[in-house]
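Worksheet: one structure, shown below.
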Amino acid sequence: MAALSMVALQSCRQIYSGQCGANGSELTWTLNDDGTLVIEGQGAMEDWGLGETPWYEYRGDIRAVVIKDGVTSIGKRAFYSCFNLSSVVLPESVTSIGVQAFQNCTSLSSITFPEGLTSIGSFAYFNCTSLTTIMIKAPIPPDIDGTNFGGVNGSIPVYVPASSIDAYRNSEWGRTFSNIQPM
């Protein structure tokens, strides 16, 4: 029994960490040896140029991203080309997702957007070719443009609040996805 506990403890050990907040925000990141990248603290994430995130050199090791409550925005290019990323948890505190934030995350199969999300930057989910389901809790369609989901199958189900189906179908969401359904 003690050996099992020790193995469990060792299987989720912090291997890299640092700061990632914008404009004095107290955000930190931790990459665990199980491939989970955790972002936590209060405020907005930094915006980055291509290849500038502090975890970029480890992007092939990242399997899951957990963003904790208190984080208000996902920075530009934050998870660009994290090609093995298959799971993302976004808290209700996130209101915006930056340009190219998840571009080329080709293993990402589903995403749930929080209720307070208001905007998704250009090319944010471009070339996320494994996406098969999108769930959006926001009653008002978050702002997108025609580039956000380029390369994603336009007939995948997009689940939205039942009272908001017409708003989504009559927005850029309806021009991007043909299968908008009630949650």
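For the condition loosely packed, with under 15 Cβ neighbours inside 10 Å and without any contact (Cβ under 8 Å) to a residue 40 or more places away in the chain, what is the one hit in G146, G70, G116?
Sole residue among the options that is loosely packed, with under 15 Cβ neighbours inside 10 Å and without any contact (Cβ under 8 Å) to a residue 40 or more places away in the chain: G146.
Residue by residue through the stretch 74-108, note down the ones that are assigned to a loop (DSSP other than H, G, I, E, B), over 14 Å from D61 (Cβ atoms) and of a type in the set (A, V, I, L, M, F, W, C).
A78, L90, V94, V99, A101, F102, L108
Can you report the number of residues in the stretch 133-158 which are under 20 Å from E92 (Cα atoms) and either of a type in the set (A, V, I, L, M) or in contact with a Pro (Cβ under 7 Å, 6 or more places away or on another chain) (or both)?
Within the stretch 133-158, residues that are under 20 Å from E92 (Cα atoms) and either of a type in the set (A, V, I, L, M) or in contact with a Pro (Cβ under 7 Å, 6 or more places away or on another chain) (or both) number 10.
Pull out all pairs, ordered by first then second residue, where Cβ-Cβ is under 9 Å, the residues are six or more apart or on different chains, the first lies in the stretch 162-174 and is on the phi > 0 side of the Ramachandran plot, and the second is outside any helix (DSSP H, G or I).
Every condition considered, no pair remains.
For T28, all conditions in the list (1) closer than 25 Å to D143 by Cα; (2) free of Cβ contacts under 8 Å to residues at least 24 places away in the same chain; (3) among the hydroxyl-bearing types (S, T, Y) hold save one; what is the number of the exception?
In the conditions (1) closer than 25 Å to D143 by Cα; (2) free of Cβ contacts under 8 Å to residues at least 24 places away in the same chain; (3) among the hydroxyl-bearing types (S, T, Y), T28 misses (1) alone.
Just checking, which of S87, S107 is within 10 Å of the chain's Cα centre (by Cα), polar (S, T, N, Q) and surrounded by 14 or more Cβ atoms within 10 Å (Cβ to Cβ)?
Exactly one of S87, S107 is within 10 Å of the chain's Cα centre (by Cα), polar (S, T, N, Q) and surrounded by 14 or more Cβ atoms within 10 Å (Cβ to Cβ), namely S87.
Tell me the residue from I67, I39, I62 that is among the β-branched types (V, I, T) and in contact with a Cys (Cβ under 6 Å, 6 or more places away or on another chain), please.
The unique qualifying residue is I62.
Identify, please: which residue in the stretch 18-27 is surrounded by 15 or more Cβ atoms within 10 Å (Cβ to Cβ) and part of a strand (DSSP E or B) and is, among those, modelled with the highest pLDDT?
L27
Quick one: would you say C12 is buried (at least 18 other Cβ atoms within 10 Å of the Cβ) and either among the small types (G, A, S) or touching an Asp or Glu at 6+ places or on another chain (Cβ under 8 Å) (or both)?
No: the conditions fail for C12.
Determine if the stretch 122-129 includes at least one residue that is under 20 Å from G151 (Cβ atoms), surrounded by fewer than 19 Cβ atoms within 10 Å (Cβ to Cβ) and β-branched (V, I, T).
Yes, some residue in the stretch 122-129 is under 20 Å from G151 (Cβ atoms), surrounded by fewer than 19 Cβ atoms within 10 Å (Cβ to Cβ) and β-branched (V, I, T).
I need a count of the residues in the stretch 131-143 that are touching a Leu at 6+ places or on another chain (Cβ under 7 Å) and exposed (fewer than 15 other Cβ atoms within 10 Å of the Cβ).
Residues in the stretch 131-143 being touching a Leu at 6+ places or on another chain (Cβ under 7 Å) and exposed (fewer than 15 other Cβ atoms within 10 Å of the Cβ): 0 in total.
Those residues that are crowded, with 16+ Cβ neighbours inside 10 Å and either in a loop (DSSP other than H, G, I, E, B) or not charged (D, E, K, R) (or both), I need them from the stretch 40-55; list them, please.
Within the stretch 40-55, G41, G43, A44, M45, E46, D47, W48, T53, W55 qualify.
For the stretch 151-172, give me each residue that is within 20 Å of the chain's Cα centre (by Cα), hydrophobic (A, V, I, L, M, F, W, C) and more than 19 Å from S122 (Cβ to Cβ).
Selection gives I156, V160.
Would you mind stating whether G60 is more than 21 Å from S109 (Cα to Cα) and either small (G, A, S) or not in a strand (DSSP E or B) (or both)?
Spelling it out, it is not the case that G60 is more than 21 Å from S109 (Cα to Cα) and either small (G, A, S) or not in a strand (DSSP E or B) (or both).
The values are calculated or read from the model by the stated rules, or taken from the named source; none is laboratory data. All values reported here derive from a predicted model rather than from experimental measurement. Neighbour counts are summed over all protein chains in view; Cβ atoms, including those assigned to glycine, are modelled from backbone coordinates with ideal geometry.
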